[in-house]
Amino acid sequence: MYIVSTQKTSDFAGKMAARSMLHLSYVEKKRFPDGEMYIRVPENLRDQDVIAVGNTRTDEEILELLLLLDAIEEQKPSRTTMVVPYFGYSRQHMIYRDGESISSKVLMRAISYSVDRIITVDIHDEASFKYTDRECTDFKAAKTIAKAHRGHGIDLVVAPDDGALKRAEIVGNDLKTPSMFLHKKRINSTTVEYEKQDIDAKGKNILIVDDIISTGGTIMRSVEVLKAAGAKKVFVAATHGLFVNGAAQKISKITDGLSVTDTIMTDYSTMNVSDDVADYIGGIK
Ligand code: R5P
């Protein structure tokens, strides 16, 4: 089995390779004089079982991933498993206003063309899987998050909205603490508000768990709500740290701990979901 990765996910893929004792293949990436991208995988992958790793976050990562998948496919491997640690563009998985494109459908179809199965990590909505006929699994990072917070004396796990409750419940069950969600109302893309609700937070150490931190608006506001309700300490954990406009620095100033997984590498990516994904793939073969 070989692992091949885009540049931005090479850390994630390297940890997967080390964990599973697999070979991480070298990928040549360069630009032609006119700026067009060139990708080559010198390793002979014919009849090999290949794991490709890449995010769909930026335009550059998307193009690199598609070229990489073609370079793999052209060598005729026996099977290609696509691991997408952060499946960007998955928040637009349906039409909200007439005339829109469905970005998650576009990417799902483009990836599917060259792979046999797809593994994502906490994809924003599994509805994106309906756009592919490939075998799909969404690996849940909840247990990785729980593992990283044992010993923090957490008394309560909070989801910043109802959609995040299931994840908070899994973390809460693992940490043997109760869980709950806050009633969120999104005002616009950077502002959220919370409805008044009874929260039993007084003197408690609370862990807020979400899938994505983008602008940080959701987390900042939920920290304020929990502190106003008397929380002693508030920790924040999320799977994907996009951290737009210095969100991480702002959040870490008002909390007792901020951590995200290594699906996107940041200064706060202290939780290795890459190890757990490697174990998972090893287990299903
Ligand atoms: C919302 O449904 C998601 O789970 C996140 O809570 C949201 O995308 C975070 O965005 P932001 O950090 O910009 O509030």
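When the criteria are applied in full, K285 fails the requirement of being in contact (Cβ under 8 Å) with a residue 24 or more places away in the chain and more than 21 Å from I123 (Cβ to Cβ). E126 meets the conditions (1) open to solvent by 20 Å² or more (accessible area, probe 1.4 Å); (2) assigned by TED's automatic domain parsing to the domain that holds V234; (3) within 16 Å of the ligand (Cβ to nearest atom) in every case but one. The failed one is (2).
Listed by first and then second residue, the pairs with beta-carbon distance under 7 Å, at least 6 apart or on different chains, first residue in the range 87-98 and within 14 Å of D125 (Cα to Cα) and in contact (Cβ under 8 Å) with a residue 40 or more places away in the chain, second open to solvent by less than 50 Å² (accessible area, probe 1.4 Å) and in a loop (DSSP other than H, G, I, E, B), are F87/T56; F87/I123.
Per-residue answers, yes or no, for (1) of a type in the set (A, V, I, L, M); (2) under 25 Å from E73 (Cβ atoms); (3) touching a strand residue (DSSP E or B) at 6+ places or on another chain (Cβ under 7 Å):
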{"position": "H93", "(1), (2), (3)": "no, no, no"}
{"position": "G99", "(1), (2), (3)": "no, no, no"}
{"position": "K105", "(1), (2), (3)": "no, yes, no"}
{"position": "I111", "(1), (2), (3)": "yes, yes, yes"}
{"position": "S114", "(1), (2), (3)": "no, yes, yes"}
{"position": "I118", "(1), (2), (3)": "yes, yes, yes"}
{"position": "I123", "(1), (2), (3)": "yes, yes, yes"}
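Residues that are of a type in the set (S, T, N, Q) and within 21 Å of the chain's Cα centre (by Cα) within the range 174-223 comprise S189, T190, S214, T215, T218, S222, listed in sequence order. Within the range 156-176, restricting attention to residues that are touching a strand residue (DSSP E or B) at 6+ places or on another chain (Cβ under 6 Å) and not in a helix (DSSP H, G or I), the residue that is surrounded by the fewest Cβ atoms within 10 Å (Cβ to Cβ) is D161. How many of the residues in the range 186-208 are outside any loop (DSSP other than H, G, I, E, B), within 12 Å of the ligand (Cβ to nearest atom) and either over 17 Å from K227 (Cα atoms) or among the polar types (S, T, N, Q) (or both)? Residues flagged as outside any loop (DSSP other than H, G, I, E, B), within 12 Å of the ligand (Cβ to nearest atom) and either over 17 Å from K227 (Cα atoms) or among the polar types (S, T, N, Q) (or both) within the range 186-208 amount to 1.
Note on the range 14-49: residues that are touching a residue at least 60 places away in the same chain (Cβ under 8 Å) and among the hydroxyl-bearing types (S, T, Y) total 1.
For the range 127-139, the count of residues that are under 25 Å from T266 (Cβ atoms) and over 14 Å from the mean Cα position of the chain (by Cα) is at least one.
Of all residue pairs spaced 6 or more apart or on separate chains, those with beta-carbon atoms under 7 Å, a first member in the range 112-133 that is under 20 Å from D161 (Cβ atoms) and a second member that is among the β-branched types (V, I, T) and buried (at least 17 other Cβ atoms within 10 Å of the Cβ) are V121/T239; V121/T263; V121/V273; V121/V277; D122/T239; H124/I212. Return a yes/no flag: does the range 129-147 have any residue that is near the ligand (Cβ under 10 Å from one of its atoms) and open to solvent by less than 30 Å² (accessible area, probe 1.4 Å). Looking for residues that are near the ligand (Cβ under 10 Å from one of its atoms) and open to solvent by less than 30 Å² (accessible area, probe 1.4 Å), one finds none in the range 129-147, hence no. Has the range 218-229 got at least one residue that is part of a strand (DSSP E or B), surrounded by fewer than 22 Cβ atoms within 10 Å (Cβ to Cβ) and away from the ligand (no atom under 16 Å from the Cβ)? No. If the requirement is being open to solvent by 20 Å² or more (accessible area, probe 1.4 Å), of a type outside the set (S, T, Y) and closer than 22 Å to M82 by Cα, which of these qualifies: K285, K232, K250? Within the list K285, K232, K250, the selection yields K285.
The values are calculated or read from the model by the stated rules, or taken from the named source; none is laboratory data. These numbers come from a predicted model, not from an experiment. Using ideal geometry, Cβ is built from the backbone for each residue, glycine included, and neighbour counts are taken over all protein chains shown. We work out accessible area using only protein heavy atoms, side chains counted, and drop any ligands, DNA or RNA first. Shrake-Rupley method; radii C 1.70, N 1.55, O 1.52, S 1.80 Å.
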